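Okay, so here's the structure we're looking at.
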Amino acid sequence: MPQKILLATRNAHKTLEVRAILGSGWNVVDLLGRPNLPEVDETGLTFADNAALKALAGSKNFPGGWVLADDSGLEVDALGGAPGVRSARYSGPGADDESNRQFLARELQRVVGPTYAQPQTARFRCAIAIAWDGEMAKQFDGTVEGTVVHPARGEGGFGYDPVFVPAGYRETFAELPAEVKNTLSHRGEAMRKAAEFLRKIAA
Ligand code: IMP
């Protein structure tokens, strides 16, 4: 009988990625099934701080169960590490994936100049926090190095996937199959560490 774990997110893409990585031993539910729970203000200065805020807030509403939260984002060297923890809301109020990608292109154009569309070194980072009964149990992280490219390419994934090429590949994350992205990605790396921890618990 799979154990239940609450993934403290309303991002269905993340839930799919986490389900694929954790496998059949875990019944992953997310906050889409709990519309009454308030959004958590991501006021932390680091991905780890924000993951902890989300895991602990979720855990208050999930007594006696495991809660996993992640916080992730893109760091572009030419932009001093931006968008960083502001990745999801980079273009301002009402931001969505498309507006964030357009804003990133404009920012690069402003800072780098006419060569902005050439590959710019960048990385995705992911921090994961696992909580139980309102207490932090464990934290993990993962990183994938690569470059930001323009114009955007590919239909898969979400967020900045169509403009991110992982190191050693020519395709963007949005062009690569989901299984390949999962083996390379920041979230994949952090989730495999988390899954190892959870497997020991379930055993
Ligand atoms: P979070 O939900 O607060 O972790 O926000 C993460 C934001 O960073 C997302 O909305 C995306 O814009 C970006 N991001 C994080 N992980 C990925 C990824 O795997 N692919 C593309 N964009 C990502």
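No lab work stands behind these numbers, since they all come straight from the coordinates. Note that this is a predicted model, so its numbers are computed, not measured. Quick reminder, even Gly has a Cβ in these numbers, built from the backbone with ideal geometry, and neighbours come from all protein chains shown.
Per residue, the chain reaches -10000 deg cm²/dmol at 222 nm when only DSSP H runs of four or more residues are counted, each adding -39500 (n - 2.57). Given all pairs of different Cα atoms, what value in angstroms does the Kirkwood hydrodynamic radius of the chain take? Averaging 1/r across every pair of different Cα atoms and inverting gives 17.3 Å.
Can you tell me what percent of all Cα-Cα pairs in the range 5-85 are more than 15 Å apart? Cα-Cα pairs in the range 5-85 separated by more than 15 Å: 59 percent. Here the calculated FRET efficiency for E135 and R106, from their Cβ-Cβ distance with R0 = 35 Å, stands at 0.25, rounded to the nearest 0.05.
Ordering G154, A12, N61 by the projection of their Cα atoms onto the charge dipole of the chain, which places +1 on the Cβ of Lys and Arg and -1 on the Cβ of Asp and Glu, puts N61 at the extreme positive end.
Summing +1 for each Lys or Arg and -1 for each Asp or Glu, what net charge is found among the other residues whose Cβ lies under 13 Å from the Cβ of K193? Once all neighbours under 13 Å are counted, the net charge is +1. Each of L37, P2, A51 was scored by the projection of its Cα onto the charge dipole of the chain, and the greatest displacement toward the positive side belongs to P2; charges sit on the C-beta of Lys, Arg, Asp and Glu. Here the simple spin-label model places points 7 Å from the Cα toward Cβ, and for R86 and T143 these points are separated by 2.2 nm.
With r as the distance between the Cβ atoms of D96 and K193 and R0 = 41 Å, compute the FRET efficiency 1/(1 + (r/R0)^6) and round to 0.05. The value I calculate is 0.85. Ignoring aspartates and glutamates fewer than eight residues from K60 along the same chain, the ones with Cα atoms less than 14 angstrom from its Cα are E39, D133, E135.
The calculated FRET efficiency for T46 paired with S24, based on their beta-carbon distance and R0 = 30 Å, is about 0.35.
For the range 124-203, go through all pairs of different Cα atoms, get the mean of 1/r, take its inverse, and jot down that Kirkwood value in Å.
On the way: mean 1/r = 0.0732 Å⁻¹.
About 13.7 Å for the range 124-203.
When the inverse distances between all different Cα atoms of the range 53-100 are averaged and flipped, the Kirkwood radius reads 12.7 angstrom. Of all lysines in the structure, the ones whose alpha carbon falls short of 22 Å from that of K193, not counting any fewer than 8 places away in one chain, are K4, K14, K54, K138, K181. Rounded, prolate or oblate: which one fits the range 47-129, using the alpha carbon gyration tensor with axes a ≥ b ≥ c (rounded when a/c is under 1.5, else prolate when a/b beats b/c, else oblate)? Prolate, since a/c reaches 1.5 and a/b exceeds b/c.
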